Each structure stands twice: as structure tokens, then as C-alpha cells.
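The values are calculated or read from the model by the stated rules, or taken from the named source; none is laboratory data. For clarity, every value in this text was computed on a predicted model and none was experimentally measured. All Cβ positions, even for glycine, are placed from backbone atoms using ideal geometry, and neighbour counts span all protein chains on display.
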2 protein chains.
Amino acid sequence: MTEMAPRPTLEAVAARAGVSRATVSRVVNGAQGVRESLAARVRQAVEELGYVPNQAARSLVTRRHDAVAVVIAEPETRVFADPFFALQLRGISKELTAHDCQLVLLLTEGQGDHARVARYLAGNHVDGALVFSLHLDDPLPGLIRNAGVPTVFGGRPGWGEGGEGALYVDSDNRGGARTAVEHLVSLGRRRIAHITGALDQTSAVDRLEGFKDVLPDTDPALIEPGDFTPAGGERAMRALLDRCPDLDAVFAANDLSASGALRVLRERGLRVPEDVAVAGFDDMLPVAEQTDPPLTTVRQDIEHMGLLMARLLLRRLDRNGPEPDTEDGAPRSIVTPTTLVRRASA
Amino acid sequence: MTEMAPRPTLEAVAARAGVSRATVSRVVNGAQGVRESLAARVRQAVEELGYVPNQAARSLVTRRHDAVAVVIAEPETRVFADPFFALQLRGISKELTAHDCQLVLLLTEGQGDHARVARYLAGNHVDGALVFSLHLDDPLPGLIRNAGVPTVFGGRPGWGEGGEGALYVDSDNRGGARTAVEHLVSLGRRRIAHITGALDQTSAVDRLEGFKDVLPDTDPALIEPGDFTPAGGERAMRALLDRCPDLDAVFAANDLSASGALRVLRERGLRVPEDVAVAGFDDMLPVAEQTDPPLTTVRQDIEHMGLLMARLLLRRLDRNGPEPDTEDGAPRSIVTPTTLVRRASA
């Protein structure tokens with residue numbers, strides 16, 4: 001396509017259909033009040049000519065782009081390596097597509113690119129944004145606030161100022177963690193370790209709090225930071241075993257780090273669950289079912305959370321009409337429940 | 001963020017820095033001729049206020065968005081399931097980021113959404129587009145042509161009319177396939193089967209042609225359509241073994257389908273390579289190394305092809321200045337070489 005064919009115009013469509021420009025415009029923009037026989041002629045002419053409506057001009061009228069940006073505050077390598085993001089995107093994609101709204105995924109190499117992402121968000125290219133996997137030191141929330149784009153966050157935002165009014169979808173991380181640790185306690189385990197997630201993310205902080213809710217007087221040596229990755233789980237498990245060889249259970253902050261922990265336990269000749277019981281968080285399939293042994297874990301419905309994020313944003317943008325969530329009719333944040341799924345590891 | 005803080009204006013930055021609006025505008029838009037001491041004051045004010053330039057207004061001046069769309073003509077589930085796309089995106093992301101250009105990935109649920117993708121491309125949101133994994137019946141190329149967006153394709157486009165001038169990056173699919181099949185012949189194999197890729201894609205057609213180049217008089221029963229997926233490879237291998245139990249080698253159109261074929265061969269009690277030699281295409285890691293046995297395959301550098309696509313588009317957009325690829329200085333399509341990688345399977 002080094003040579004561009006001239007782009008079919010609204011006028012060409014009007015001439016082909018034998019109607020006025022205004023009629024074509026009304027049909028193309030989905031306005032009411034055009035006779036069906038005329039509308040059908042317009043649609044046929046649009047198809048025959050391969051006419052693409054001028055979205056920029058259309059946006060000036062409707063003030064809409066029918067597009068929503070998704071920003072995952074991780075390098076693109078991580079986005080494609082961690083199935084959590086694919087699941088969340090699946091839910092988002094289904095919901096946006098059901099509303100004929102384009103999913104615009106803004107990928108980056110890291111936080112250094114977030115100012116550029118904010119410029120794109122401020123550039124009148126999308127109606128709103130879905131932002132997830134935020135880290136506490138990330139300038140993105142402030143940049144987004146300045147960009148003035150309606151936003152829904154995945155996971156409770158952790159920044160102080162301005163964060164209170166933010167709309168978000170999160171799961172009950174703290175309650176879910178409590179369930180997992182209470183389960184390990186109910187098995188009679190007394191030296192229960194915790195491999196945390198990335199502690200610059202609220203999900204990891206909340207799961208740690210849930211662990212401490214059940215075991216307020218725990219030995220600090222039994223808590224080791226991880227980063228939600230299998231490699232981080234391996235590192236943390238090695239550190240814990242070196243420091244506390246008598247541990248008899250591990251609650252890992254997600255299934256991927258639990259899978260790393262299981263590998264190290266096997267490597268050290270420890271039996272799961274006989275010597276060490278292991279619980280994860282996510283119920284990410286196929287990960288949780290294919291570990292050896294299959295993983296007892298806290299289930300959150302990641303795909304559904306993606307769908308809820310998209311739905312909340314569309315409601316905020318009033319794409320679904322007024323559907324009161326609350327007494328004053330404004331949409332509000334959603335915290336989804338979690339459940340314990342028992343498999344062989346604990 | 002149900003309440004928006006007022007967005008800092010250009011005027012506010014000018015007041016803070018003690019300079020004129022015009023000076024702020026010049027610094028923000030990267031124009032020359034502003035004294036460094038003034039520019040530094042402007043940059044400091046921008047930072048202190050969290051000012052985000054109005055990209056829409058800026059685009060009117062520069063006619064640039066500093067953004068490139070990527071369209072993978074597959075459902076988003078497939079995009080996240082096949083590591084080929086993650087690799088190609090990695091190359092694209094690195095190259096675009098090096099030019100401070102935003103990667104805008106447009107995800108869909110399938111071909112039914114391609115008209116919406118074309119509307120977004122036509123909507124003045126990006127400077128150009130990278131499009132890959134096209135299928136022959138896809139209306140996208142025509143829609144993109146009408147949208148008038150400079151485009152580089154990944155893989156030689158297969159449509160006739162208008163396709164001749166298209167810029168693309170492809171690997172030497174036909175030559176690579178020849179190398180693999182010649183290798184199987186050199187091992188003394190005489191009943192060599194081929195599991196094709198999705199035959200509505202030129203890469204699959206070209207690899208089939210390469211197979212036929214070496215074996216022009218092959219038994220048609222030895223050719224079975226696949227679809228580039230592990231499940232498709234399994235189905236095809238079963239059909240081939242049922243029809244031709246005497247086959248002694250298989251060339252699969254990619255590593256994922258070869259991995260499916262290997263599973264079926266093992267299931268049927270056939271030894272690889274003793275009974276059946278197997279070769280793939282891609283050298284996709286870790287797939288090709290982790291099959292049992294590790295896979296002999298045709299290597300193409302997928303990440304580098306992504307990088308070349310981005311580079312070709314940026315050159316087409318004149319982002320790199322005039323850098324003549326050809327005598328007339330115009331950028332031209334690129335076909336990258338392939339090499340055979342020998343492992344245990346053949």
C-alpha cells in the first residue's frame with residue numbers, strides 16, 4: 001500500500017444511494033428517524049464502496065470514540081508471561097465487544113514509558129481507561145488524573161491523596177488470605193510461612209494483612225517477600241527453608257509463586273502435603289491443576305473481574321443508560337468474594 | 001476519580017515558569033531556538049504542575065500522534081495462547097519505544113470486529129499500523145486501504161488487487177520448508193508427510209509449496225491440513241497415521257503443530273526419530289527445546305521480524321529521516337532468511 005486509493009467520501013455514498021448527505025450521516029451515526037428502505041439503500045452503498053465513516057468528524061458530533069484504553073502497569077514481557085493478565089483482558093474484551101467498543105491496549109517497556117501513555121490518554125483517542133497492576137511508586141495515577149480521562153482501576157489503588165474517590169474492582173484479598181491460613185491452621189500446622197506478593201501492590205499488602213489477622217504473633221522469620229512470579233516463589237522458598245527448616249506449611253500470595261515453591265520443596269526432598277502443606281491464591285487454570293501435587297488455593301474469578309471493570313467504566317461513561325447502583329445513582333467500586341478450592345497440596 | 005481535579009493548563013505552566021505561552025508551547029513540542037535556561041524553567045514547571053500536553057491540539061500542529069496501531073487478525077484468546085505473537089510484539093515494542101512511539105494494540109473477538117478496528121484506524125488516532133496474521137477471506141486489508149493509514153504487514157499479503165504495492169516483512173517460508181524436507185530426504189526417509197498450517201494464510205501456502213518443490217510427485221494422502229495449533233497438529237497426525245501407517249517422517253508447518261504430532265506418535269507407540277522423523281518450523285523457544293524429543297526445526301527470528309516491521313513503518317512515516325533502502329530512496333519489503341536447527345527429532 002505505498003499508493004493509497006482515494007478514500008470513499010460521504011458524498012459518494014449519498015450519490016450511490018440516491019439520498020442526501022444528511023440521510024447518510026444519520027444512518028452512519030445510528031440516529032433514529034430514517035425510513036428503513038432508505039437506510040437499507042445507504043447501508044448497501046456503504047458496503048459496495050467500502051466506505052469508512054470519518055471517526056474524527058463523527059467524534060466531534062457525538063463526542064465519543066467508542067474506544068476504551070487498557071493500561072497494564074507492567075512491561076509487555078510480563079503482560080504476556082503471566083496468564084492473570086490474559087484472563088482479565090478476556091473479560092474486558094468480551095464486555096467491550098458486546099458494546100461495540102474497541103479495546104485499545106497500550107503496551108510499554110516499563111514505568112519509564114508511563115508519561116507517554118498518559119499523553120496518549122490525554123490525546124482525545126479514547127472515552128475512558130481501565131488501569132491495572134499499579135505499583136505504589138508509579139506516577140501513572142497522577143498522570144491519568146491530570147489527563148482527565150474517566151478511569152476504573154483493577155485492584156484498590158494504593159496512593160493516598162485523590163485515591164479515595166477512585167472507582168475500582170478488586171477481590172476480597174484480605175478475607176481470601178484469612179480463609180487460606182485458617183485452613184492451614186485447621187490441618188494442625190503450627191509453623192506456617194508466607195511468601196508475599198510484590199509489596200508495592202495493594203493486593204500483596206492485603207493478603208499479608210489477612211495472614212497476620214489469623215497469626216498476629218507469627219515469627220517474622222516465616223515471612224519472605226516474593227513478587228508474584230514462579231522465580232520469585234523459588235527464591236523465597238529457598239530463603240524460608242534455609243532460615244526455618246521446621247516450617248510445616250506455606251501460604252503463597254499467588255499460584256505462580258506457589259508453583260515455584262513446590263519445585264523447591266521437591267528439590268529438597270520434602271513431601272507435599274505430608275511434610276509441608278502449600279496453599280496459593282488465584283485458582284489460575286491450568287496452573288493450579290497442573291502443579292505436582294495439584295494446588296489448594298483461593299479462587300478469585302479473574303475473567304469476571306475484567307468484565308466488571310469494563311461494565312463499571314461503560315456505566316460511568318453512561319453507555320448503558322442510567323442504571324442506579326446506589327441511592328444517588330452513581331456507580332461505585334466493587335469487591336468480589338473469594339472461595340477456598342481444596343486440592344491435594346493442603 | 002469520580003471527581004476530576006482541574007487539568008493544569010499551558011497558561012499555568014507559563015505563569016509558573018515566568019515565560020510566554022509561545023515559549024512553553026515551543027519547549028513542549030520540541031521546537032528549536034529556545035534558550036536552555038528558559039527551557040529548563042519550563043520543564044521544571046511542567047513537572048511541578050504535572051502538566052500533560054494537549055495531544056489533540058499538538059497533533060493539529062505536528063500532524064503526528066507518536067502512536068502506531070498493531071492489529072493481529074486473530075481473536076484475543078489466540079493472541080495470548082500462541083507465543084509467536086508475544087515474540088513479534090516484543091520486537092515491535094522495543095523498536096517503537098526506542099522512538100518514543102506508543103504501541104496501541106487493537107484486540108478483537110474475531111473478524112466480525114474488523115470493521116470497528118478499521119473505524120479506529122481511520123479515526124485519526126495513530127500515525128500508522130502494523131497488521132499481521134491476515135487470513136485470505138478477511139475484509140481488513142480493504143478496510144485499511146480505505147482508512148488511508150500507512151501500513152506495514154507481517155507476512156506477505158495474499159490478496160490480489162492492491163496487494164502488489166503493500167509493504168511487508170516476511171521470512172523465506174518456501175525456502176525454509178525446502179531445507180526441512182531436503183533434510184528429511186537426506187536421512188533416507190521415503191514416505192514424508194506434511195501437516196500444513198492454516199491454508200488461508202500465505203505462510204502456510206508458501207511452506208506447502210516448499211514441500212512440493214522437493215517432493216513434486218508426492219502421494220496426496222501424505223498431506224493433511226492443520227491450523228498452526230497443537231490441537232490441529234494432533235488431529236492431522238491421527239488422520240495421517242490412519243491413512244498412511246507406513247509414513248516415516250513428518251514436516252509440520254510450525255513447532256506448535258509439531259508438538260501435537262509428537263504427542264500422537266508417542267501415544268501410538270512410535271519412536272521419534274527411529275520410526276518417524278519430525279521437523280517443525282519457527283524454532284519457537286521454549287516449545288522447540290522442551291518437546292520430547294527436542295525438535296529439529298526451521299529457525300526464523302520472530303522477534304527481529306517484529307522489530308523490522310516497526311522500523312519499516314517508522315521509515316515510511318519518515319520518523320528516521322530519509323534513509324534510502326533502494327535507488328529511489330523508498331522503503332521496500334523485507335524477506336528474512338531461515339536456517340535449519342538440528343535437534344533430536346530428525
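Numbers at a glance
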read-out	value
For B:Arg145: the one exception among (1) basic (Lys, Arg); (2) outside the structural domain of B:Ile72 (by TED's automatic domain parsing); (3) modelled with pLDDT under 90	(2)
Residue within segment B:255-265 that is closer than 19 Å to B:Pro337 by Cα and hydroxyl-bearing (Ser, Thr, Tyr) present	no
Given (1) of a type in the set (D, E, K, R); (2) assigned to a loop (DSSP other than H, G, I, E, B); (3) under 21 Å from B:Gly154 (Cβ atoms), number of the condition B:Arg311 does not satisfy	(2)
Any pair with Cβ under 7 angstrom, 6 or more apart, that starts in segment A:123-149 at a residue that is aromatic (Phe, Trp, Tyr) and ends at one that is outside any loop (DSSP other than H, G, I, E, B) and surrounded by fewer than 24 Cβ atoms within 10 Å (Cβ to Cβ)	A:Phe132/A:Ile72
Qualifying residue in segment A:280-293 (condition: β-branched (Val, Ile, Thr) and either at pLDDT 95 or above or in contact with a strand residue (DSSP E or B) (Cβ under 8 Å, 6 or more places away or on another chain) (or both))	no
Residue list for segment B:59-80, restricted to those being modelled with pLDDT under 95 and at the interface with chain A (Cβ under 8 Å from one of its Cβ atoms)	B:Ser59, B:His65, B:Asp66, B:Glu76, B:Thr77, B:Phe80
Residues of segment B:106-120 that turn out to be in contact (Cβ under 8 Å) with a residue 12 or more places away in the chain and either over 22 Å from A:Gly123 (Cα atoms) or more than 8 Å from chain A (Cβ to nearest Cβ) (or both), as a count	6
Residues located in segment A:210-230, provided they are more than 22 Å from the chain's Cα centre (by Cα) and assigned to a helix (DSSP H, G or I)	A:Phe211, A:Lys212, A:Asp213, A:Val214, A:Pro220, A:Ala221, A:Leu222
Given (1) part of a helix (DSSP H, G or I); (2) in contact with a Leu (Cβ under 9 Å, 6 or more places away or on another chain); (3) within 7 Å of chain A (Cβ to nearest Cβ), number of the condition B:Ala86 does not satisfy	(2)
Extreme residue, farthest from the chain's Cα centre (by Cα), among residues of segment B:75-111 that are within 27 Å of A:Leu285 (Cβ to Cβ) and of a type in the set (Gly, Ala, Ser)	B:Gly110
Pair list, Cβ < 6 Å and 6+ apart or interchain, from segment A:267-283 residues that are over 10 Å from A:Ala252 (Cβ atoms) and assigned by TED's automatic domain parsing to the domain that holds A:Phe251 to residues that are of a type in the set (Val, Ile, Thr) and modelled with pLDDT of 95 or more	A:Leu270/A:Val276; A:Val272/A:Val278; A:Asp283/A:Thr297; A:Asp283/A:Val341
Conditions (1) in contact with a helix residue (DSSP H, G or I) (Cβ under 9 Å, 6 or more places away or on another chain); (2) more than 8 Å from every other protein chain (Cβ to nearest Cβ); (3) within 19 Å of A:Ala118 (Cβ to Cβ); (4) at pLDDT below 95; number of the one not met by B:Asp100	(2)
Filtered residues of segment B:284-303 (kept if part of a loop (DSSP other than H, G, I, E, B) and in contact (Cβ under 8 Å) with a residue 12 or more places away in the chain)	B:Met284, B:Thr291, B:Asp292, B:Pro293, B:Pro294, B:Leu295, B:Gln300, B:Asp301
